[in-house]
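The values are calculated or read from the model by the stated rules, or taken from the named source; none is laboratory data. Keep in mind the model is a prediction, meaning the values are calculated, not measured. Here the Cβ positions follow ideal geometry from the backbone for every residue, glycine too, while neighbour counts run over all protein chains shown. Only protein heavy atoms, including side chains, enter the accessible area calculation; ligands, DNA and RNA are left aside. Shrake-Rupley method; radii C 1.70, N 1.55, O 1.52, S 1.80 Å.
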There are 2 protein chains.
Amino acid sequence: MQIIFNPKKESWSEILKRPTQSFEDIEETVKEIFKEIQQKGDVAVQKYTSLFDGTLFENILVSQEEIDEAASLVSKDLKEAIEVAKNNIYNFHAAQKTEKVEVITTNGVTCWQEKRPIQRVGLYIPGGSAPLFSTVLMLALPAQIAACKEIVLCTPPNKEGKINPAILFSAQLCGVTKIFKVGGIQAIGALTFGTETIPQVYKIFGPGNQFVTVAKQYATQFGVGIDIPAGPSELLVYADDSANATFVASDLLSQAEHGKDSQVILVTTSKEMISKVEKEIIAQIDELPRKEIAKVTIQNSRLIYVTTETEAIEFINEYAPEHFIVCSKNEDFFINGIANAGSVFIGNNTPESAGDYASGTNHTLPTNGYAKSYSGVNLDSFMKAMTFQKITEEGIQNIGPSIEIMADAEGLQAHKNAVSLRLNALKK
Amino acid sequence: MQIIFNPKKESWSEILKRPTQSFEDIEETVKEIFKEIQQKGDVAVQKYTSLFDGTLFENILVSQEEIDEAASLVSKDLKEAIEVAKNNIYNFHAAQKTEKVEVITTNGVTCWQEKRPIQRVGLYIPGGSAPLFSTVLMLALPAQIAACKEIVLCTPPNKEGKINPAILFSAQLCGVTKIFKVGGIQAIGALTFGTETIPQVYKIFGPGNQFVTVAKQYATQFGVGIDIPAGPSELLVYADDSANATFVASDLLSQAEHGKDSQVILVTTSKEMISKVEKEIIAQIDELPRKEIAKVTIQNSRLIYVTTETEAIEFINEYAPEHFIVCSKNEDFFINGIANAGSVFIGNNTPESAGDYASGTNHTLPTNGYAKSYSGVNLDSFMKAMTFQKITEEGIQNIGPSIEIMADAEGLQAHKNAVSLRLNALKK
């Protein structure tokens with residue numbers, strides 16, 4: 001833990017620095033695999049699945065039997081927990097629906113904006129030690145509410161060719177239309193170009209390792225949208241004397257167990273809080289199964305004392321944390337003042353875990369400072385805003401002359417002409 | 001003009017192909033200039049301005065005197081036309097404001113979503129023959145409505161160090177906070193890293209040549225957001241017998257004059273319409289000052305006859321045009337059926353020029369098929385959706401057990417622990 005007292009503003013950018021990641025060596029691999037998938041489709045996907053995952057299955061499309069079997073393997077308790085989470089996530093995202101926005105901007109000129117679903121979306125769910133069925137809920141539910149026609153999920157199987165039952169159960173529950181046993185770069189490539197088996201999609205969502213991250217970034221060069229540029233997960237806690245140090249430490253540790261590159265920061269106006277949290281972290285960390293990971297992150301964590309709340313919020317906005325927990329007597333000051341954060345957790349009874357799983361908010365959030373310009377995943381991430389306009393004879397007479405003048409001033413005569421011809425026709 | 005009758009579905013992707021652009025040779029230049037700007041700031045910006053634009057000015061920040069002078073140079077007619085456009089664009093974008101979305105997802109668990117402005121945005125306005133002051137309106141007005149704190153505009157000056165007066169007038173009118181006489185790659189680099197003079201921004205908007213396009217794409221690797229990946233402008237017109245062929249031709253030509261790589265497509269269920277539009281294009285094209293450009297585009301244009309409206313809309317959705325004009329007796333069929341388009345123009349009196357300048361809708365729209373997953377620029381482009389949650393003692397008791405079970409099933413014990421500690425404290 002790095003403890004920093006009263007950092008000068010000039011040093012903020014140094015303190016707030018995230019470790020930079022260089023992916024240049026991975027890029028070549030991604031390019032090669034994408035090219036092969038574009039040319040050879042399924043054959044290439046199978047080749048790389050065999051090469052990277054050491055497995056080869058004829059049928060990568062998950063069957064209804066497999067889904068039914070998975071449902072029988074998920075415990076009743078877990079099913080009920082998933083149902084609770086599902087309802088909360090569903091309700092919060094369904095409330096984000098927006099109505100058509102219609103404005104008669106000038107007599108005879110009606111403009112409107114409507115959101116329409118992205119027709120085909122791809123969800124990537126990583127394999128590995130932690131089966132992220134919670135991410136299935138976070139991505140498939142808003143896709144379902146948005147009414148995306150095809151919701152395709154790719155996830156790598158284990159050596160026996162199986163997918164974690166909780167992932168299959170959640171996918172089925174949340175309206176995923178097709179599930180494929182494919183992971184890594186080859187999954188992203190297949191979703192980008194489409195193969196004989198895997199449909200091409202228009203936008204790809206979901207977390208992944210560095211290979212998946214680079215592949216998603218590269219996919220954008222082929223006209224595919226992606227949710228958010230990915231980076232290591234982050235938590236910044238602001239705590240004053242009113243915070244419970246035990247809880248604060250547990251929140252910092254929950255972030256720390258994600259990966260060795262996770263970012264954990266405490267900002268406080270209480271010197272006592274720093275030593276209390278430090279002690280609590282030491283007390284709690286050894287009990288954790290993932291303590292080897294957590295210890296590395298905690299070693300790199302920063303506990304920062306600042307003198308005023310104003311300084312604190314300025315500092316936090318400069319960092320733009322993915323997750324921001326605020327435990328303060330003065331919480332409204334922070335709620336109103338936070339300009340850059342993915343998701344905000346308020347008060348001693350609001351752990352980040354709540355938003356990770358079950359409160360209703362989405363857990364796919366901007367990291368790495370992207371909270372300055374990016375939204376976390378929400379209902380609109382699965383739709384696009386389209387505009388429409390209809391102009392009557394009166395309308396074009398009202399705004400036509402202005403268009404003519406402006407087009408003329410920009411030197412675009414054909415633009416002007418499209419209006420002049422219509423105005424002339426109306427004069428007759 | 002390529003006239004295509006009854007294309008088979010298997011040939012659609014070939015017909016709909018856009019010319020691919022390769023920017024690999026430009027990329028190296030962009031990387032080099034970015035690196036130098038990151039290290040040397042203003043000095044590097046000045047070096048490249050001098051090198052590329054052949055100009056060198058000590059003061060790149062436009063002064064109030066220059067803005068005042070520009071206002072006096074814009075004609076009264078043009079000022080009035082800009083005011084008409086401004087009011088329509090302002091009203092349409094202001095109507096896109098969304099309220100806070102608050103849901104009590106479970107007793108004691110309150111979640112809400114709020115949109116907050118991106119604090120600093122950069123607008124790029126190209127120089128060159130056409131002074132795109134209309135783009136200033138389209139970008140600065142929603143930024144102003146969103147309440148972005150800093151709205152920085154960069155545009156290259158002419159050899160005399162001047163910026164087109166209409167650009168300065170529009171910028172001043174729409175709340176731009178700072179204007180810099182810098183263009184090209186060096187402008188995008190300066191906005192990405194910030195220099196002694198030019199502030200760093202969080203998101204960059206606006207069109208530009210291939211150098212600017214590649215620079216914007218590269219900027220995203222440094223945590224900066226961009227509006228939309230850029231590509232050549234496009235128009236697809238659907239016209240049945242009810243369409244006015246003269247108007248249709250004028251619309252196709254207004255798109256064609258943009259650049260030699262512009263895309264122009266007519267889809268129709270009327271064979272007669274094809275020959276009528278063809279004749280009209282030939283009649284109108286020679287009158288255009290930009291006919292050299294328009295002729296190249298028209299040569300590459302496609303006039304496509306299909307037998308049914310169902311086939312037409314399927315074809316159009318597959319193409320996903322930036323601009324889509326529909327002149328049909330059956331317009332509702334197309335309005336309801338269009339799934340992928342940037343902006344839709346309905347009826348004989350609704351030229352694309354209206355949306356380009358003054359009806360109220362935005363003209364910064366997704367090209368190159370991106371309309372399948374991207375929105376055009378709108379109010380939300382200048383904001384990000386943030387989520388908040390506050391959980392009471394009752395709330396964590398209600399959802400806590402579900403979180404524990406899910407975290408446990410994902411193997412994330414520290415996530416579970418953050419909840420268990422809170423639940424245990426409440427049991428005492």
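When restricted to residues that are under 19 Å from A:Phe205 (Cβ atoms) and among the aliphatic types (A, V, I, L, M), segment A:90-135 contains 7. Filtering segment A:131-165 to residues that are open to solvent by 20 Å² or more (accessible area, probe 1.4 Å), under 22 Å from B:His415 (Cα atoms) and either assigned to a loop (DSSP other than H, G, I, E, B) or out of contact with any helix residue (DSSP H, G or I) (no Cβ under 9 Å at 6 or more places or on another chain) (or both) leaves A:Leu132, A:Asn164.
Being aliphatic (A, V, I, L, M), in contact (Cβ under 8 Å) with a residue 12 or more places away in the chain and in contact with a helix residue (DSSP H, G or I) (Cβ under 6 Å, 6 or more places away or on another chain) is the filter here; which residues of segment B:89-115 pass it?
Filtering segment B:89-115 down to residues aliphatic (A, V, I, L, M) leaves B:89, B:94-95, B:101, B:103-104, B:109.
Among the residues that remain, those that are also in contact (Cβ under 8 Å) with a residue 12 or more places away in the chain are: B:89, B:94, B:101, B:109.
Across segment B:89-115, the qualifying residues are B:Ile89, B:Ala94, B:Val109.
Residue pairs whose Cβ atoms lie under 7 Å apart, separated by 6 or more positions or on different chains, with the first residue in segment A:404-428 and at positive phi and the second modelled with pLDDT under 95, are A:Gly411/B:Ser129; A:Gly411/B:Ala130.
For segment A:1-44, filtering for residues that are over 28 Å from the mean Cα position of the chain (by Cα) and closer than 26 Å to A:Ile313 by Cβ leaves 11. A:Thr98 meets all of the listed conditions (1) part of a loop (DSSP other than H, G, I, E, B); (2) open to solvent by less than 70 Å² (accessible area, probe 1.4 Å); (3) more than 30 Å from B:Trp112 (Cα to Cα) but one, namely (3). Please find, within segment B:191-234, the residue that is farthest from B:Phe133 (Cα to Cα) out of those that are in a helix (DSSP H, G or I) and in contact with an Asp or Glu (Cβ under 8 Å, 6 or more places away or on another chain). Residue satisfying both the conditions and the ranking: B:Tyr218. Kindly indicate the residue of segment B:273-288 that is in contact (Cβ under 8 Å) with a residue 60 or more places away in the chain and among the β-branched types (Val, Ile, Thr) and also farthest from the other protein chains (Cβ to nearest Cβ) among those meeting that condition. Per the criteria, the residue is B:Ile274.
All of (1) surrounded by fewer than 24 Cβ atoms within 10 Å (Cβ to Cβ); (2) farther than 25 Å from A:Glu65 by Cβ hold for A:Gln113 with one exception: (1).
Scanning segment B:116-130 for residues that are touching a residue at least 24 places away in the same chain (Cβ under 8 Å), at the interface with chain A (Cβ under 9 Å from one of its Cβ atoms) and open to solvent by 20 Å² or more (accessible area, probe 1.4 Å) yields B:Arg116, B:Pro117, B:Gln119, B:Arg120.
Scanning segment A:201-251 for residues being over 21 Å from A:Glu150 (Cα atoms), touching a Leu at 6+ places or on another chain (Cβ under 8 Å) and at the interface with chain B (Cβ under 9 Å from one of its Cβ atoms) gives a total of 4.
Residues in segment B:311-318 include at least one that is more than 11 Å from chain A (Cβ to nearest Cβ), surrounded by fewer than 17 Cβ atoms within 10 Å (Cβ to Cβ) and under 25 Å from the mean Cα position of the chain (by Cα). All conditions in (1) free of Cβ contacts under 8 Å to residues at least 24 places away in the same chain; (2) open to solvent by 70 Å² or more (accessible area, probe 1.4 Å) hold for B:Phe52, with the sole exception of (1). The condition (being open to solvent by less than 40 Å² (accessible area, probe 1.4 Å), in a strand (DSSP E or B) and without any contact (Cβ under 8 Å) to a residue 40 or more places away in the chain) is satisfied by just one residue among A:Val237, A:Val264: A:Val264.
Scanning segment B:45-104 for residues that are farther than 20 Å from B:Asn164 by Cβ, β-branched (Val, Ile, Thr) and under 28 Å from the mean Cα position of the chain (by Cα) yields B:Val45, B:Thr98, B:Val101. The residues of segment B:297-335 that are in a helix (DSSP H, G or I), touching a Gly at 6+ places or on another chain (Cβ under 9 Å) and of a type in the set (Val, Ile, Thr), listed by number, are B:Thr297, B:Thr310, B:Ile313, B:Ile316.
Could you go through segment A:267-281 and let me know if any residue there is in contact with a Lys or Arg (Cβ under 8 Å, 6 or more places away or on another chain) and in the same structural domain as A:Gly347 (by TED's automatic domain parsing). Checked segment A:267-281: no residue is in contact with a Lys or Arg (Cβ under 8 Å, 6 or more places away or on another chain) and in the same structural domain as A:Gly347 (by TED's automatic domain parsing). Restricting the first member to segment B:67-88 and to residues that are assigned to a helix (DSSP H, G or I), and the second to residues that are open to solvent by 20 Å² or more (accessible area, probe 1.4 Å) and acidic (Asp, Glu), the beta-carbon pairs closer than 9 Å and six or more apart or on different chains are B:Leu78/A:Asp408; B:Ala81/A:Glu404. Residues of segment A:56-80 that are at the interface with another protein chain (Cβ under 10 Å from one of its Cβ atoms) and either of a type in the set (S, T, N, Q) or under 11 Å from A:Ser170 (Cβ atoms) (or both): A:Val74, A:Ser75, A:Leu78, A:Lys79.
Hey, any hits in segment A:286-293 for a residue that's within 23 Å of A:Lys17 (Cα to Cα) and assigned by TED's automatic domain parsing to the domain that holds A:Ala243? Even if it seems obvious, please write down each step before you answer.
Within segment A:286-293, the first condition is being within 23 Å of A:Lys17 (Cα to Cα), and the residues that meet it are A:293.
If we keep only those that are assigned by TED's automatic domain parsing to the domain that holds A:Ala243 as well, we get A:293.
Yes, because at least one residue in segment A:286-293 is within 23 Å of A:Lys17 (Cα to Cα) and assigned by TED's automatic domain parsing to the domain that holds A:Ala243.
A Cβ distance below 9 Å, combined with a sequence gap of six or more or placement on separate chains, defines the contacts here; from segment B:310-336, residues that are among the charged types (D, E, K, R) reach residues that are open to solvent by 20 Å² or more (accessible area, probe 1.4 Å) and part of a helix (DSSP H, G or I) in the pairs B:Glu311/B:Lys9; B:Glu314/B:Lys9; B:Glu314/B:Gly337; B:Glu318/B:Ser13.
If you go through segment A:240-261 and keep only what is acidic (Asp, Glu), at pLDDT 95 or above and surrounded by fewer than 24 Cβ atoms within 10 Å (Cβ to Cβ), you end up with A:Asp240, A:Asp241. Looking across segment A:25-49, the residues that are out of contact with any Gly (no Cβ under 9 Å at 6 or more places or on another chain), modelled with pLDDT of 90 or more and open to solvent by less than 60 Å² (accessible area, probe 1.4 Å) come down to A:Thr29, A:Asp42, A:Gln46. Suppose the filter is over 23 Å from B:Gly376 (Cα atoms) and in contact with a Gly (Cβ under 7 Å, 6 or more places away or on another chain); does A:Thr392 pass it? Yes, satisfied.
Looking across segment B:204-225, the residues that are open to solvent by 30 Å² or more (accessible area, probe 1.4 Å) and over 27 Å from B:Ala294 (Cβ atoms) come down to B:Gln217, B:Tyr218, B:Gln221, B:Phe222. Scanning segment B:274-289 for residues that are surrounded by 19 or more Cβ atoms within 10 Å (Cβ to Cβ) and touching a Ser or Thr at 6+ places or on another chain (Cβ under 9 Å) returns B:Ile274, B:Lys276, B:Val277, B:Glu280, B:Ile281, B:Gln284.
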